[in-house]
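Undergrad: Before I ask anything, here is the structure I am working with.
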Amino acid sequence: MTLAAYAESFEQFAAGLPPGQRAARREQLGRFLDAGFPTPRLEAWHYTDLSALGARRFSPVDPGGTAPAVEWLAETDRLLYLNGRLDRAQSTLPELHADDSSAAAADDSVAALNAAFSSGGLHLRLDRNQRLPRPLHVVAFGDTAAASPGMVHQRHRIELAENAEATVVFQFLGRSAGRLTTQVVEVSLAAGAKLTLYRLQNEHDGATLLTRIDTRLGRDSRLHAVTIDGGGGLVRHDFNMLLAEAGAEVELSGLYRPAPDAHIDNQTRIVHAAPHCRSRERFKGIVDAKARAIFVGKVIVQPGAQKTDSEQHVANLLLSRRAEVNAKPELEIYADDVKCAHGATVGQLDDSALEYLRSRGIAGAEARALLLRAFGAAILNRIAIPELRRSLALQLGLADEEEFEDAAAETLA
Amino acid sequence: MATQPQDIQELMRRREYSAGFVTSIESDTIAPGLSEDVIRLISARKQEPEWLLEFRLKAYRRWLKMEQPKWAQVHYPPIDYQAISYYSQPKSHKDGPKSLDEVDPKLLETYKKLGIPLKEQEMLAGVAMDVVFDSVSVATTFKKKLGEAGVIFCPISEAVHEHPDLVRKYLGSVVPFGDNFYAALNSAVFTDGSFVFIPKGVRCPMELSTYFRINERNTGQFERTLIIAEEGAYVSYLEGCTAPQRDENQLHAAVVELVTLDDAQIKYSTVQNWYPGDEEGRGGIYNFVTKRGDCRGRRSKISWTQVETGSAITWKYPSCILRGDDSVGEFYSVALTHHRQQADTGTKMIHVGKNTRSTIVSKGISAGHGQQSYRGLVRVLESAENARNHTQCDSLLIGDRCGAHTFPYTEVRNPSARLEHEATTSKIAEDQLYYCRTRGIAEEEAVSMIVNGFCKDVFKELPMEFAVEAGKLLAVSLEGAVG
């Protein structure tokens, strides 16, 4: 494995940095070069092999591409990143962007790569009792015009002070294959803060997308998160949640429907570090054609985290002979007065349900589509913005344009 | 934990010390250390054929290139493999206690609680056995009956000479010599173990037990077991016993291989209660075992049942390769960790054939500072049409310093497969305890009752005598866990 291309790219990239940042960035690069891209020899990367990326060459600066016509949500504030650069014309709150990327020591090589090359990102900071009036919609759009595909590394930060509230939507859209995107989001919620976070991904099915969200939850804070994967070629998402103080609560839902040749790896890690916290996790996957889907969910209950209440469930529909599903719901428990449960299933559409529909005159493809829609709706309905729900259902092939009605989705759930 | 390295050394020291007392007639112990010469020596002492020596050497060369695995959720100081003596002639009973009066009274008390007859107590404690008693023992009678049925049940070292074709055909065919670190070590240096062969169409007339092989009792460190059930055969095999046994080896790395041909069935039950170390975790056995069954034939079945309450560290994953169409794999397990015990155990079910089914029921109980993990893999290959699996793992926590962990891997490559996995972790419900206590049942007894109920699904898979003992064993093992 050669990482030479990354070292060279870095020299090109570092030339454009303010001199004060170069040393720190170089250190992160060193960390990445030492460790290299993770391979399945690491337990955390058991099912996803990134070593092939090592020999590839991505251009660090990617000026090309045309600003897309993004389907913005009606009542939102917006930030548009085109190939990692803020597009001021289309952003309503450009002042929320920060170039700085003073990252803490990265604990894995992908995070180190991200920190070395980061072009910054959203920095949302809400004061005590402050409420974001409208959802914030952050779109990352990838479109390479240059001959060699580019790479984009972004870092976003969200800090909510006591009792602050916000809704943030991160969306990835892409138009060109062969790109590499990494993204790290750091979230910190102070006591009583409430964050609704959506991570939606409909990248080009030849693109590589490595994302990670790290959250720290303070006393009685709430995180409501939904992550939806519809596109991408090689996708890995790490969702880390630390319930650091008593009374914190996480509700995490996810839906993945990989493209025919895609590989989607979702890893979640919920750490109950304090007593009286609650976590609910529910993932669903529809895996067809030659796709490969992975779900690894870890719940850790640390010593002393008594009265923990945790549930985790993953359900997969495996619809093709050449597709593959790997699921690993893990529990690590070091306290006794806890209620923890998890479940995992892999199966097909229910024959008796299909039979029932057939007896009502709905047969074949139509019946299957209906059941798939019901399956996906259980997750999509967790998204509180109806407009978004609708466009996601269309994107995922879980709705028909004309007949879609929210009411219908509601009944299907 | 920090005190353990000393213990190993001390144990090693003690071993060497006792070897120093052995008279010249009995100097059949090889000096500690492992090399090709040692393996040649072991093989020569046992007068093994050339192919077996080759097998051992291949395993040893592979082992040299392997690293001690670190992925399990257990912690222990590094093991010095050069400090172990890899061969000693089965010890005569001379160095054991002369009568039960010389045996640790604490041990005897445990025997009493388990309801073990006096003669058996002597056997277990390693008391020098009366030769007459031995020769007319039940074992001999059983052997005759087995012979009539055509069943072969003997030490594997004997089988190498008596039935070389069978051993050569099957040895290492389920667990290859380079399978994993400890299996490779075992393949290189194994000294003895059981060999069972049930011919076509025979239903073994009795439950076979290692317990009958009294004479080979002290061969436990690198044990090798091979069980073959031919077409339509059936055997139920019992390993271990509920009583704590006298044993001086700290590291145990056994290999068990099971093979079932068409319509054959093997039921393998284990009760393991080796020395778990004292309350602070000093001493105690390391139990690193590779157990695997190969359902080669159609409609064949392999069923593992285990009750693991002993050992300082348990590390075993009895597995089934469901190769034959319509074959069935089962795994029922109760693992209990108390004080400083650690257990990382579970199973692998590899579905290869069509219509293969597997069931996993794992019950873990953690008390004191005990840590335990269920680690399982269910893999459905492309060829395994209509595979089914149901997995249930439940953990019960007693006390706030223990831990219970679950690492279930599910890998599916066939769309007709149906898999379910469910797991729960909780403590003993207050209302259940309260109910028992209002009925005048003391807390400790109530806990033991509830734990037994929790394990019922597994106990009912055990042969009857074992099931009764297992219940008592849990109660004894949990002593002092509450209150």
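Undergrad: Please state, rounded to one decimal and in Å, the Kirkwood hydrodynamic radius that the range A:290-329 gives when every pair of distinct Cα atoms enters the mean of 1/r. Let's see the in-between values first.
TA: On the way: mean 1/r = 0.0800 Å⁻¹.
When all Cα pairs of the range A:290-329 are included, the Kirkwood radius is 12.5 Å.
Undergrad: Can you check what the Kirkwood hydrodynamic radius comes to for the range B:376-483, Cα pairs only, in Å to one decimal?
TA: Numbers: mean 1/r = 0.0606 Å⁻¹.
The Cα-based Kirkwood calculation yields 16.5 Å.
Undergrad: Just the accessible area per residue of the protein assembly as shown, please: how many Å² with a 1.4 Å probe?
TA: Here the per-residue accessible area is 40 Å².
Undergrad: State, in angstrom, two size descriptors of the range A:109-255 derived from its alpha carbons: Rg to one decimal place and Dmax to the nearest whole number.
TA: Cα only, the range A:109-255: 15.6, 52 Å (Rg, Dmax).
Undergrad: In the range A:1-87, what percent of the accessible surface is made up of carbon and sulfur (1.4 Å probe, ligands and nucleic acids excluded)?
TA: Roughly 54 percent, rounded to a whole number.
Undergrad: Return the Rg/Rh value of the protein assembly as shown, two decimal places, where both radii are evaluated on C-alpha atoms and Rh is the Kirkwood radius.
TA: Ratio of gyration radius to Kirkwood radius: 1.02.
Undergrad: Here's something else I'd like to know. Would you work out the relative contact order for chain A, in percent, from Cα pairs under 8 angstrom that are 6 or more residues apart?
TA: About 9 percent, as a whole number.
Undergrad: As a test of the formula, what do you get for the protein assembly as shown when each DSSP H run with n ≥ 4 contributes -39,500 (n - 2.57) and the sum is divided by the residue count, at 222 nm and rounded to the nearest 500 deg cm²/dmol? Each step should come with its number before you reach the end.
TA: Details: 21 runs with 220 residues, N = 896.
Calculated at 222 nm, the ellipticity per residue is -7500 deg cm²/dmol.
Undergrad: Another one. Give, to the nearest whole percent, the P(r) tail of the range A:1-52 beyond 17 angstrom, counting all Cα pairs.
TA: 45 percent
Undergrad: Excluding the sites themselves, what is the longest stretch of chain A that contains no GluC sites (Glu not before Pro) in a DSSP loop with at most 16 other C-beta atoms within 10 Å? Spell out each step's value before the answer.
TA: Numbers: sites that count: A:71, A:75, A:401, A:402, A:403, A:405.
That would be A:76-400.
Undergrad: Which whole-Hz couplings ³J(HN,Hα) result when phi for each residue of the range B:255-261 is put into the Karplus expression 6.51 cos²θ - 1.76 cosθ + 1.60, θ = phi - 60°, listed in order with x for Gly and Pro?
TA: Couplings: 10, 10, 10, 10, 10, 10, 8 Hz.
Undergrad: Mind grabbing the interface size between A and B? I mean buried accessible area, both sides, 1.4 Å probe, in Å² to the nearest hundred.
TA: 2800 Å²
Undergrad: Per the Kirkwood treatment, what hydrodynamic radius in Å, one decimal, follows for chain A from the mean inverse distance over all distinct Cα pairs?
TA: About 22.0 Å for chain A.
Undergrad: Let me ask something else. I'd like the Karplus ³J(HN,Hα) series for the range B:42-50: coefficients 6.51, -1.76, 1.60, θ = phi - 60°, whole numbers in Hz, and an x wherever there's a Gly or Pro.
TA: Whole-Hz 3J(HN,Hα) from phi for the range B:42-50: 4, 5, 5, 4, 8, 6, 7, x, 4.
Undergrad: Please report the carbon-and-sulfur percent of the accessible area for the range B:301-419; probe 1.4 Å, protein heavy atoms only, DNA, RNA and ligands left out.
TA: The computed percentage sits at 45.
Undergrad: While we're here: Give the Rg/Rh ratio for the range A:231-350, taking Rg as the radius of gyration of the Cα atoms and Rh as the Kirkwood radius, to two decimals.
TA: Result for the range A:231-350 is an Rg/Rh of 1.05.
Undergrad: Compute the separation of the alpha-carbon centres of the range B:167-191 and the range B:392-436 and state it in Å as a whole number.
TA: 33 Å
Undergrad: With each pseudo-label sitting 7 Å past Cα toward Cβ, what's the residue A:251-residue A:378 distance in nm, one decimal?
TA: In this crude label model, residue A:251 to residue A:378 measures out at 1.6 nm.
Undergrad: Continuing with the same structure: In sequence order, what are the phi-derived ³J(HN,Hα) couplings for the range B:268-273 according to the Karplus relation 6.51 cos²θ - 1.76 cosθ + 1.60 with θ = phi - 60°, rounded to whole Hz, with x for glycine and proline?
TA: In residue order, the calculated couplings are 10, 10, 10, 10, 10, 9 Hz.
Undergrad: Specify which residue in the list A:58, A:259, A:113 is farthest towards the positive end of the charge dipole of the range A:4-348, using unit charges on the beta carbon of Lys, Arg (+1) and Asp, Glu (-1), about the Cα centre.
TA: A:259
Undergrad: Have a look at the DSSP beta bridges in the protein assembly as shown and tell me what percent are antiparallel, nearest 5.
TA: 10 percent
Undergrad: Just the projected area, averaged over all directions, of the convex hull on the alpha carbon atoms of the range B:255-412: how many nm²?
TA: If I average the Cα hull's projected area over directions, I get 8.1 nm².
Undergrad: Only counting protein heavy atoms at a 1.4 Å probe, give the residues of the range B:414-455, ordered by number, whose accessible area falls by 30 Å² or more when the other protein chains are present relative to the chain alone.
TA: Residues shielded by partner chains are B:415, B:418, B:419, B:421, B:423, B:425, B:427.
The values are calculated or read from the model by the stated rules, or taken from the named source; none is laboratory data. In this text the structure is predicted, and so the values were computed from the model without any measurement. Cβ sites come from the backbone with ideal geometry, for glycine too, and all protein chains shown count toward neighbours. Just the protein is used for accessible areas: all its heavy atoms, side chains included, with ligands, DNA and RNA removed. Shrake-Rupley method; radii C 1.70, N 1.55, O 1.52, S 1.80 Å.
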